[in-house]
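Please read the structure below before turning to the comments.
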Amino acid sequence: MVRQFLCLCVVLCQTAGAVESLAPQTQWIPDNAVLCVELSNPKALIDMLTSDTAFGALQKVPLYQTRNTNPKFKEFLTGVKFLEAALETSWKTAIRKLTGGGITLAVCPDDLVILMVDAEDADLLTRLHNIVLTMVRTEADNQGHSDRVASAEYLGVTGWSFDGKEAHAIIGHRLIFANKPEALKTVLELRARADKVGLASQVRYRAAREATAPDAAGQVYADLATLKQIPDLAAALEQGRANPLAGLLFAGIIESIRDATWMSVGLHVQHDTLAFRAHLDSANLDPKGPAGFALPGKPNEGALPNLSVPGGIASLSFYRDLFRFYGAKDDLFPERTSGLIFFENMMGIFFSGRDLTDEVLAETLPEIRFVVAQQQYDPALGTPQVQIPAFGLILRLRDEQTFDIVAEEAWQKAVGLVNFTRGQQGMPGLIIDRPVHNDTKFTMAYFSTATVDKDTNLPTRFNIRPAIALPHNYLILSSTDGLARDLIDAVTREAQQAVQPANQDHTLAELNGQALTAILRANVRAMVTQNMVEKGNTEEEAKNSIDLLITLAQFVDSVKLSIGTHQSLTRAELALKFNLD
Amino acid sequence: MDTQQTLDPNWAWAPYRPSTEHPWTLARAGHLYRRAAFGANWTQLQQALVHGPRKTIDGLLTPPADLAAFNRTYDDYDRSVGSSESADELRAWWLRRMLLTPCPLLEKMTLFWHSHFAVSNGVVKSAAFMRQYLQLIRSQALGSFHTLVQDMVHDPALLIGMDAIENRKSRPNESLARTLIEDFTLGTGAATDQDIRQAARAFTGNFVRRGRFLFIEREHDDGDKQLFGQTGPFTDKDVISILLEQPATAEHIVHKVYAWLLNEASPPSDSLMAPLTRSFARDYNMSRLVETMLRSNLFFSEACYRQRIKCPVEYALGMVQGLEGMVSTTQLATDLAALGQNLFHPPTLRGWPGKEAWINQATLIQRANLAHALLQGSGPYQGKLDARAILEKYAHTANQPDAQFFADLFLQQAMTPASGESIEQSLYDIVTSPEFNLA
């Protein structure tokens, strides 16, 4: 364990020697690298991860709390203390000084992996390397093996290997580590020969680099043209063509990846937030093509801001023209035609013979929003055994005066069909009610609790109290009347503020970590039992596993994602805000 | 077959006493655990050797003190399936219960009755009803067959499964009466259509309403019925009593239990079975019947040794028990379904045909694939079975080569591993051998 830690920590070598001015790390990375992760400012990330608040949060992790009973952790701790003594510095300072100049990790064809780390303190690097060399040799000696450490000169640089498989070298303050000797040779050739071209000079990499903001603490470059040839990824990208729902929700995203040749992701560290800004060179999506239903046409078009409700767990907002989407179904999903015709005929029943495309979907504006929220259960009625969050769909109508009653009628028919089917199976049905909330009369349905045993948890069906509400020009379909009421309030606020869409973003998503934690906590029992039979764990193991999941969810304050087209590039931004208090 | 025909019943059903000629061996202990449980681990086998057959069978027959608490805990887990339509989670819990129960014989007999009172959730479509049905079976699996039949004909899952949720006097439901007579009690050919029609009249008034059994008196035909020479205004209880008075019922059940616990390969002679049938017909006490069979000379004789093909459940759980692990029973239930034993989904009203129907070229390959999946260090079972850990735990005390240790654990017989074989390969060879596929 100690040895592994040391090897991972770094492998250092040679005398400090004269300080060499080194080329950027990516200049020594082969230009055919398919993935390259650079941390130009690792200290920003290290500071965040080793801060007092992060350490305080770590102490809440159940696994960390039981660390002292874990022999491997004790061994690890001994190794760290030994190194601190040998290097005469704390582990935090050592990591900062050993990596402060930047880190680059690249994956190249033929399973070659190259890691470069620039130390701020070349002397510290040398001392660490000497310690590791001594330890490896001592261990071999203790086990009666010959010296496993091998070294060889190549292009004037000494390359080392501890086991004959990995190879590493130190040039000035830079450590170069490769999983295979040939990878190290390639790096040394790029350094020594002017005729060799590194990744830094590659056209796609340079374009990706330009797309990344200069203040990024790190960057990921992916050669999508090559990666898309991986069968699993290619198959995943084809999913959108086979599944209409995936085609609807991931429209614009799948097409962007299909069209792109590179992707860059910039990492930004801001206090308690990690932001990832991704760019793809896929701006040639045809707004008039089949996937154009997901592309905002005019500069001020885009997805509407997400709706906020009490106890909101997640919210999604899409710019999607349902009319155009369904109109293009034969082009988008040619193999699903018969299924979609059946679906269309069924919809014809609910919408009293109206044409689904021209007379139903055409009535909606190109906006789809979803909200998922915690439920508030009436203590007088009880709580279901498994608590399912409430979920709602929000659309806006072009002509609510004529379409409101059509939607209402379709909804009531659907409830009637559910009741009829449940009645056939001898199960209780839904009772329709029409309450008023903030001047909006809406329709809901609920299960009676009259015949339910008061001493037990309510059956799962009591998570559902479906509702339809039509305030202003909004159409709200919700799984519970509680969420419907909250959404009526939310859209009323929005209507009063004349809300503006997100400029050119076609997808917005938000997740509230604390609300997610709450719903996980409410369902601990169900998750533990599920884990036991799914993983074969004991109840205690399952509890630990779920506790860890909940603790990790607790560390997330919020996640926000936006995807759209900006300055002729597809852009995605993910902001992960931590809750470390 | 000849052996079965000529066996002396007095010798056959007398309790087995170890002797020089028929010593108590690891092979006999393994045989007992394969039939009365779902296999054994090394500790159980060694304990059995020390305790001898009488005490070991006592342990299997007598519910341990912690059984009630265990069953309460697992009944609670079962309830977590809620009101779902699918029984997938329920079958995963049952497999886990089979593996961990302190009374495996009870679960073994519950599995037997599940195939006897075959109800498929493919028809019932309710995990809650299937849970109640299984609980009912378990409550009498080693109890009274009479009580079990009486309770079963009022069980909502069974009535839904038999398409018998309505029994009106204007249209008696013959489906339940026919199954009750031909499958649950007398057996095929022991009753006429007239008997079945008369019995069906006695079941009128029985309904399932909102998931519960309901007797509606006005729909009950209270007129006289003629059944097996008796006449009267029989109710369903009366009909069951009359059916259980028929010698064919005890014969049918005893033969079925015989095939489950002793020998399915050779039909026993009438004279061999007569003492058991007479005894069982007295009060339909399952526990006594099972005890007599398990303690008998016949059970421990060559005539019964490996005379049954393991059902997929026995095949898989035997491996898991031996290696003292716990695997994903959700995954296992799915894999067992692929092998032909989808718990809570017996293929017909007569349950699983069993016997040689379990084995064909396809299922043999699937059994080998399942063994490979269970034993490999990764994949769907996430390497939860650790053969090397079991070796480390026991092999030094067993004082034998690794492959032979596993041969003793799983087959209780000598084997010669191929030279240079790894432990994993030897173990795989053992659990895919013809012997391991036999109970």
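Among the residues of the stretch A:429-459, those identified as crowded, with 17+ Cβ neighbours inside 10 Å and either among the aliphatic types (A, V, I, L, M) or at pLDDT below 90 (or both) are A:Leu430, A:Met444, A:Ala445, A:Val452, A:Asn457, A:Leu458, A:Pro459. Residues that are away from chain A (no Cβ under 14 Å) and assigned to a loop (DSSP other than H, G, I, E, B) were ranked within the stretch B:165-175; the one that is surrounded by the fewest Cβ atoms within 10 Å (Cβ to Cβ) is B:Ser170.
The set of residues from the stretch B:176-226 being within 14 Å of chain A (Cβ to nearest Cβ) and assigned to a strand (DSSP E or B) comprises B:Phe207, B:Val208, B:Arg209, B:Arg212, B:Phe213, B:Leu214.
One residue stands out among those in the stretch A:38-53 that are of a type outside the set (D, E, K, R) and surrounded by 16 or more Cβ atoms within 10 Å (Cβ to Cβ): the one that is farthest from A:Thr104 (Cα to Cα), which is A:Met48. Among the criteria (1) within 23 Å of the chain's Cα centre (by Cα); (2) among the hydroxyl-bearing types (Ser, Thr, Tyr); (3) closer than 30 Å to B:Ser170 by Cα, the one B:Ser266 does not fulfil is (3). Here A:Asn512 does not fit the description of being at pLDDT 95 or above, crowded, with 18+ Cβ neighbours inside 10 Å and over 30 Å from A:Arg465 (Cα atoms).
Under the condition of being away from chain B (no Cβ under 12 Å), in contact with a Ser or Thr (Cβ under 9 Å, 6 or more places away or on another chain) and buried (at least 20 other Cβ atoms within 10 Å of the Cβ), the residues counted in the stretch A:518-554 number 1.
Yes or no, residue by residue, for (1) surrounded by fewer than 18 Cβ atoms within 10 Å (Cβ to Cβ); (2) hydrophobic (A, V, I, L, M, F, W, C); (3) at pLDDT 95 or above:
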{"position": "A:Asp121", "(1), (2), (3)": "no, no, no"}
{"position": "A:Leu128", "(1), (2), (3)": "no, yes, no"}
{"position": "A:Glu139", "(1), (2), (3)": "yes, no, no"}
{"position": "A:Gln143", "(1), (2), (3)": "yes, no, no"}
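For the stretch B:52-111, filtering for residues that are touching a residue at least 60 places away in the same chain (Cβ under 8 Å) and aromatic (Phe, Trp, Tyr) leaves 2. Hey, does the stretch A:195-204 have a residue that's among the β-branched types (Val, Ile, Thr) and either touching a residue at least 24 places away in the same chain (Cβ under 8 Å) or surrounded by 18 or more Cβ atoms within 10 Å (Cβ to Cβ) (or both)? Yes: the stretch A:195-204 contains one or more residues that are among the β-branched types (Val, Ile, Thr) and either touching a residue at least 24 places away in the same chain (Cβ under 8 Å) or surrounded by 18 or more Cβ atoms within 10 Å (Cβ to Cβ) (or both).
Here B:Leu60 fulfils each of the conditions (1) away from chain A (no Cβ under 14 Å); (2) surrounded by fewer than 20 Cβ atoms within 10 Å (Cβ to Cβ) apart from (2).
Figure legend. Inter-residue proximity from the stretch A:322-336: first residues farther than 21 Å from A:Arg369 by Cα, second residues assigned to a loop (DSSP other than H, G, I, E, B), beta-carbon distance below 7 Å, spacing 6+ or different chains. No pairs are indicated. When residues in the stretch B:64-89 are screened for being more than 8 Å from every other protein chain (Cβ to nearest Cβ) and part of a loop (DSSP other than H, G, I, E, B), 7 of them pass. In the set (1) at pLDDT 95 or above; (2) part of a loop (DSSP other than H, G, I, E, B), the condition left unmet by A:Leu184 is number (2).
A count restricted to the stretch B:183-196 and to residues that are in contact (Cβ under 8 Å) with a residue 12 or more places away in the chain and among the acidic types (Asp, Glu) stands at 2.
When the stretch A:203-249 is filtered for residues that are in a helix (DSSP H, G or I) and of a type in the set (Phe, Trp, Tyr), only A:Tyr205 remains. A count restricted to the stretch B:117-131 and to residues that are away from every other protein chain (no Cβ under 14 Å) and either without any contact (Cβ under 8 Å) to a residue 60 or more places away in the chain or buried (at least 21 other Cβ atoms within 10 Å of the Cβ) (or both) stands at 4. Here B:Ala316, B:Ala338, B:Ala333, B:Ala371 are screened, and the one residue that is modelled with pLDDT of 95 or more and surrounded by fewer than 17 Cβ atoms within 10 Å (Cβ to Cβ) is B:Ala338.
Collect the residues in the stretch B:301-325 that are away from chain A (no Cβ under 14 Å), under 21 Å from B:Phe344 (Cα atoms) and of a type outside the set (Asp, Glu), keeping them in residue-number order. Matches in the stretch B:301-325: B:Ile309, B:Lys310, B:Cys311, B:Pro312, B:Val313, B:Tyr315, B:Gly318. On the given criteria, is B:Leu374 closer than 27 Å to B:Asn263 by Cα, within 28 Å of the chain's Cα centre (by Cα) and of a type in the set (A, V, I, L, M)? No: the conditions fail for B:Leu374.
Right, B:Ala92: within 14 Å of another protein chain (Cβ to nearest Cβ) and buried (at least 23 other Cβ atoms within 10 Å of the Cβ) or not? Yes; evaluated as a whole, the condition is true for this residue. Close contacts from the stretch A:234-259, counting a first residue that is without any contact (Cβ under 8 Å) to a residue 12 or more places away in the chain and a second that is buried (at least 19 other Cβ atoms within 10 Å of the Cβ) and of a type in the set (Gly, Ala, Ser), with Cβ to Cβ under 7 Å and a gap of 6+ residues or different chains, come to A:Ala246/A:Gly240; A:Phe250/A:Gly240. All conditions but one from (1) without any contact (Cβ under 8 Å) to a residue 60 or more places away in the chain; (2) within 14 Å of chain A (Cβ to nearest Cβ) apply to B:Ala357; the one that does not is (2). Residues that are touching a Ser or Thr at 6+ places or on another chain (Cβ under 7 Å) and modelled with pLDDT of 90 or more number at least 3 in the following helices (runs of 4 or more DSSP H) confined to the stretch A:280-396: A:322-327.
Restricting attention to the stretch A:460-488 and to residues that are surrounded by fewer than 20 Cβ atoms within 10 Å (Cβ to Cβ) and over 30 Å from the mean Cα position of the chain (by Cα), the residue that is nearest to the other protein chains (Cβ to nearest Cβ) turns out to be A:Arg461.
The values are calculated or read from the model by the stated rules, or taken from the named source; none is laboratory data. Nothing here was measured: the structure is a model prediction, and the numbers come from that model. Neighbour counts are summed over all protein chains in view; Cβ atoms, including those assigned to glycine, are modelled from backbone coordinates with ideal geometry.
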